1. As a test of reading the structure, rank H84, H182 by solvent-accessible area (1.4 Å probe, protein chains only), most first.
2. State whether segment 35-123 is rounded, prolate or oblate according to the following rule on the C-alpha gyration tensor (a ≥ b ≥ c being the square roots of its eigenvalues): a/c under 1.5 gives rounded; otherwise a/b larger than b/c gives prolate, and the remaining case gives oblate.
3. Apply the a/c threshold of 1.5 to the C-alpha gyration tensor of segment 61-194 and tell me whether it is rounded, prolate or oblate.
4. Between R104 and S205, what length in nm is gained on full extension when 0.36 nm per residue of separation is reduced by their alpha carbon distance?
5. To the nearest 500 deg cm²/dmol, what mean residue ellipticity at 222 nm is calculated for the chain from DSSP H runs of n ≥ 4 alone, each contributing -39,500 (n - 2.57), summed and divided by the residues?
6. Sort S30, S2 by heavy-atom solvent-accessible area, probe 1.4 angstrom, most to least.
7. In nm, to one decimal, how far is the A225 label point from the L162 one, both placed 7 Å along Cα→Cβ?
8. Ranked from the most accessible area to the least, with a 1.4 Å probe and all protein chains present, what is the order of E70, E143?
Amino acid sequence: MSFPRSATPLQDVQRVLCVLAHPDDVDFGSAGTVAGWVDAGIEVGYLLVTRGDAGGFDDTPRELMPALREAEQRAAAAVVGVNHVEFLDGYHDGILTPSIELRRDITAAIRRFRPDRVLTNSPLRRWDRIAGPSHPDHLAAGEAATCAVYPDARNPFTFTDLDLPAWTVREIWYSGGPDPDHVVDITGTYERKLKALRAHVSQTSHLEDLDGLLRQRLAATASAAGLPEGALAEAFSVFHTA
């Protein structure tokens, strides 16, 4: 299963909410694009569903990992100009499901932030890269966010206990899904993406050549889209919701 062809992105977007499963998801998949949005005057906020308590590659005590990764994400967000960073409570890395409770919490965030666009993990698995993009937490976060965008957040009779007015998100972007076809040239914002990822010390310090690894992947994405030699790009699937 794959996505249909992407829609042309809306041109009048003022606010974007990025809803991702773990700290570092937005930076691996989308930080260059986010930096470009911020440069264009768009207000961007992050909503992280978990604090990545099952992450890391060393002997850091497990009880310290959530606070550590929250701090890393806040530092990474600041690199690309994002100041609005929220974390949900009660959801754990590795066992996330698209529950009604999660839909409710994402709906609340959407109704508070009132974004025109939501960027989230893909709810569809990539069979060519099952490791990484198709982590079950990513699929769960993407499914819950999609349900929160439609129908939950826009329906005034859903989650009425939140006491927040309904809000319609007009566009959704998926990161990490199969066959993404909307390509964003991030050559000019790449250094900020790299710096943001390096802020996730617990997740990237073990990589001997993070710069080389990223450049290889992003250059391949750019080349496949016909961008000039030397360009770097991120790719998404984009859909209107109304």
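1. Numbers: H84 65, H182 45 Å².
If we order H84, H182 from most to least accessible, we get H84, H182.
2. Values: a/c = 2.32, a/b = 1.25, b/c = 1.85.
Judged from the Cα gyration tensor, segment 35-123 comes out oblate (a/c at least 1.5, b/c at or above a/b).
3. Values: a/c = 1.36, a/b = 1.25, b/c = 1.08.
Because its axes are fairly even, with a/c under 1.5, segment 61-194 counts as rounded.
4. On the way: separation 101, 0.36 × 101 = 36.36 nm, distance 3.52 nm.
So the chain would gain 32.8 nm between R104 and S205.
5. Working: 7 runs with 84 residues, N = 242.
Helix-only estimate at 222 nm: -11000 deg cm²/dmol.
6. On the way: S30 0, S2 50 Å².
My answer, sorted largest first, is S2, S30.
7. 3.1 nm
8. Working: E70 40, E143 80 Å².
Heavy-atom accessible area, descending, gives E143, E70.
The values are calculated or read from the model by the stated rules, or taken from the named source; none is laboratory data. Model, not experiment: these values are computed from the prediction. Don't worry about glycine lacking a Cβ; one is built from the backbone with ideal geometry, like all the others, and counts go over all protein chains shown. Accessible surface areas use protein heavy atoms only, side chains included; no ligands, DNA or RNA. Shrake-Rupley method; radii C 1.70, N 1.55, O 1.52, S 1.80 Å.
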